[in-house]
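The values are calculated or read from the model by the stated rules, or taken from the named source; none is laboratory data. The model shown is predicted, which means the values in this text are computed figures rather than measured ones. Positions of Cβ are generated from backbone atoms using ideal geometry, with glycine treated the same way; all protein chains shown enter the neighbour counts.
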Amino acid sequence: MSPRKEGEQVSIRPAAAPTESGRKPWKKKTPVEVVLEQTAKLREDIRVTEEALKQKRKQLEKFEQACKIFEAS
């Protein structure tokens with residue numbers, strides 16, 4: 001089993017017991033489950049994007065302050 005990667009989504013469904021081969025049995029998702037999973041993924045993507053935007057705005061503010069110092073010289 002591989003370690004979970006950063007940004008990897010966690011399933012909202014409970015995990016099924018592994019079979020003899022060590023793999024979980026495949027279970028077909030209902031349309032409702034698919035939509036809920038896509039909604040959760042989109043929310044997480046928006047959260048990550050907003051956090052990155054906050055960091056970029058802070059960096060821009062620092063650069064603008066540095067520009068003011070250089071212009072004053």
Quick check on my filter: what residues within the stretch 28-48 are exposed (fewer than 10 other Cβ atoms within 10 Å of the Cβ), β-branched (Val, Ile, Thr) and in a helix (DSSP H, G or I)? Val32
Does the stretch 4-14 contain at least one residue that is polar (S, T, N, Q), surrounded by 11 or more Cβ atoms within 10 Å (Cβ to Cβ) and at pLDDT below 85? yes
